[in-house]
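Asks: Pasting a structure below so you can have a look.
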Amino acid sequence: MKKNLNDIILIPTDFSEVCENAIEHGITVAKIMNYRVFLLHVVNKETNKYLESESLSRESVSEILDKKVLEYEKNFDFKVEYLIRNGNLFEKIESVCEKLGVKLIILGTHGKAGFQKLTGSYVLKVVSLTDTPTIVVQKRSFSEGYKKIVFPITAQTQDRQKVVWAVNIAKTFDATIHLIPKFESEKYYKTRIMSVTKQIKNLFDEYGVKYVDKVSEPGAGNFAKQVIDYAVQNEAELIMTLINKDKVAFFSTWDEQIIYNSSQIPVICINPIETKKGVWNRY
């Protein structure tokens, strides 16, 4: 059954510096894409410890958010809404996504956690919770939008599911997609990658999306490193990757290398959905 989705960006926040950056990133994207923005703070034991240490009451959470929203609306000339929920951080993010029909989540992460530790394994858990695509950002500032998007291609046929968001973002931001098919020496995987790449190119042609093609090189390091190096060299603003939902607790080295790249390039994580037909019509 197809979910009813709305043009909403959800941004969880624990008021840390990196979450502030995620909010500014999200507002900039929302203004361009004409989406609504909802901030979400989940009151839990970490919040209570923080309030106690700062000699603040629980009412202070809404006061903090009221003040923040006024600042964002003044600085960005854009309406920002917020929600406060009580309970488990991950369960509440998931339930809010379902209730609002959230189309995109933006998460901030870095090595130093805020008081709710919205970093590291916490981010990976949030990413794996829902079918909602999630953009993970670090401290790197965001201003002009996504003009160069790196799109790795592997033998997973589900990679084609990234095309929906690639087309959407590329058309919105007038971006160029940089395709990087993974080099495979084994004939079966090589044939699959060639087939997937051809289908993706055909769809880009159909929708008038600009793209360039760069095949990865054997012996040039692992594929994740090649993708990141290429993104850096070409000054990309976004990398697209798939998350294997069968690995909720055990993300691959590939996932972590891409998401936590040291160049701090934002990464949009797509959770593949089980479907036989109509994948292109999901959004």
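No value in this document is a laboratory result; all are computed from the given coordinates. None of these values were measured; they are calculated from a predicted model. For neighbour counting, all protein chains shown are included, and Cβ atoms are generated from backbone atoms with ideal geometry for every residue, glycine included.
Asks: Once you have the Cα-Cα distance between LYS190 and LYS139, take 0.36 nm times their residue separation minus that, and quote the gain in nm to one decimal. Kindly include the intermediate steps, with their values, before the conclusion.
Replies: Values: separation 51, 0.36 × 51 = 18.36 nm, distance 3.70 nm.
That works out to 14.7 nm of additional length.
Asks: Return the FRET efficiency for the residue pair ASN234, GLN199: r is the Cβ-Cβ distance, R0 is 30 Å, and the value is rounded to the nearest 0.05. Before the final figure, lay out the partial values.
Replies: Values: r = 24 Å, r/R0 = 0.79.
According to the calculation, E is roughly 0.80.
Asks: Within segment 161-247, which GluC sites (Glu not before Pro) sit in a loop by DSSP and count at most 14 neighbouring Cβ atoms inside 10 Å?
Replies: GLU186, GLU235
Asks: Another question, then. With a 10 Å Cβ neighbour count serving as the proxy for reagent exposure, in which order, fewest first, do PHE76, PHE38 appear?
Replies: Values: PHE76 16, PHE38 19.
If I rank by nearby Cβ atoms, fewest first, I get PHE76, PHE38.
Asks: Oh, and also: Apply the Debye scattering formula to segment 120-209, with a single equal point scatterer on each alpha-carbon and no solvent, then give log10 I(q)/I(0) at q = 0.20 Å⁻¹.
Replies: With one equal scatterer per Cα and no solvent, log10 I(q)/I(0) is -1.07.
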